1. Given a cut-off of under 8 Å on Cα pairs at least six residues apart, what relative contact order in percent is computed for the stretch 55-154?
2. Just how much of ILE177 is accessible, in Å², when a 1.4 Å probe is used and the result is rounded to the nearest 10?
3. Could you give me the ³J(HN,Hα) list for the stretch 303-308, computed from phi with Karplus coefficients 6.51, -1.76, 1.60 and θ = phi - 60°, whole Hz, x at Gly and Pro?
4. Averaged per residue, what accessible area in Å² does the stretch 122-178 show with a 1.4 Å probe, protein chains only?
5. Could you please state how large a percent of the accessible area of the stretch 1-77 is carbon and sulfur, counting protein chains only and using a 1.4 Å probe?
6. Which cross-chain or sequence-distant (5 or more) residues have an amide H under 5 Å from the amide H of ALA59, H modelled 1.01 Å from N in plane?
7. Could you give each residue of the stretch 288-302 its phi-based ³J(HN,Hα) in whole Hz, using Karplus coefficients 6.51, -1.76, 1.60 with θ = phi - 60°, and x for Gly or Pro?
8. What residues have an amide H closer than 5 Å to that of LEU296, excluding those fewer than 5 places away on the same chain, when H is modeled at 1.01 Å from N in the peptide plane?
Amino acid sequence: MGQSGRSRHQKRARAQAQLRNLEAYAAQPHSFVFTRGRAGRSVQQLSLDVRRVMEPLTATRLQVRKKNSLKDCVAVAGPLGVTHFLILSKTDSSVYLKLMRLPGGPTLTFQINKYTLIRDVVSSLRRHRMHEQQFNHPPLLVLNSFGPQGMHVKLMATMFQNLFPSINVHTVNLNTIKRCLLINYNPDSQELDFRHYSIKVVPVGASRGMKKLLQEKFPNMSRLQDISELLAAGAGLSESEAEPDGEHNTTELPQAVAGRGNMQAQQSAIRLTEIGPRMTLQLIKIQEGVGNGNVLFHSFVHKTEEELQAILAAKEEKLRLKAQRQNQQAENVQRKQELREAHKKKSMAGIKRARARADGDSDAEDPGAPEAAGTGQPEDEDDDAEYFRQAVGEEPDEDLFPTVAKRRRQGRPLGKKQRGKEQRPGGKGRAQGGSWRALKLRGRSQGVKAKPRPRATPQDLGPTSRRGA
């Protein structure tokens, strides 16, 4: 059997092509369209319609919650490669649109004087043309009347141009241009007309019957005797089915376009169908930065040079005080850190001294403790030796109690229990409850019968001779 699937070179070429597409897609401008504040249903729907215009280079399913601030959106936009924000808001007086350039600004604030949603535009048309394939590519931006009116007009034109990827008119594929976004500037009223159209290319120079045959839907010829009747007179066709074309929308195609009869170097007509939304905008102000900064232009408020200098000086003073507070806070944090480290070192030194002092005191109080710990049970031998002295009346042999004898030879003090028993009056107490093992061994070796152990009375049991007292 032959080798199935793609070869190694085909897979490599396909992977390289996908990588180039991803790089080209990342280099294109992307946008976020959302609302802020209590916008209402109409403004919410308008934001969705504007998001529809910006497809596919926008976040279609973006959800912004009330608790999300503008800083949160800016922080998320950086890793995603988002370059523009389109924010709609509503007040008691009007609806506003803010166009922001990330990450450094500027911010353009527009007042929306009029707007119409997509559903309203489509419902007003007899035949609308809108399908999902039109939104696979960004729209073609057309700017009109953006002449030398001022710096704010040039800045508006630049902002709108940067919203969409640039195209090369010599190498662009006409099949990717399915929509058109027209922004017209009126110098007299200083308003912007925002219009969104669907593009359709049809051949010209043919009769209405021929155009009907070239359409996707074949005409009804049940009442015709011959097809020549359709081509000659266009019988059965309404006047509305054939829109008038002229020099205003007729051009020669530089390349073949999808559609019946749209061949290269042939005359075709460009037809536009509005699909919405529709807006009438008016520029209010231009600011530096994202959402805040110096006001570069304002349509209603005009300040003198002295006022601008005063505002600039106040802002510089505010920035200076802010920097001073930050430096002071940094110094305070450093000083507290140094005090904390010094206190920690002092505490550790005190702990070490306390441990060394405690170790020295324990050795001075009980110097024989290490040796007594290795002899098994020295306290029990002390009890047995003391009981043997009281019962027999003489010192025991060294072989019976080697530990006690060794201490006596070395001149060391007796154990704690034995010292306590020597201080008790009468020599009675817990000594009477000792072991009989040593006494029995002594009695057997010397032939002495050991006396029975007397029962202690309450008078003999003092507070220091009780077990556990």
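1. 21
2. 40
3. 10, 7, 5, 5, 5, 5
4. 65
5. 49
6. Amide H neighbours of ALA59, under 5 Å, 5+ apart: SER31, VAL33.
7. Running phi through 6.51 cos²θ - 1.76 cosθ + 1.60 with θ = phi - 60° gives 7, x, 9, x, 8, x, 5, 7, 7, 8, 9, 6, 10, 9, 10 Hz.
8. ILE286, GLN287, GLU288
The values are calculated or read from the model by the stated rules, or taken from the named source; none is laboratory data. Owing to the predicted nature of the structure, the values given are computational and were not obtained by experimental measurement. Quick reminder, even Gly has a Cβ in these numbers, built from the backbone with ideal geometry, and neighbours come from all protein chains shown. These accessible areas exclude ligands, DNA and RNA; they are computed on the full protein's heavy atoms, side chains included. Shrake-Rupley method; radii C 1.70, N 1.55, O 1.52, S 1.80 Å.
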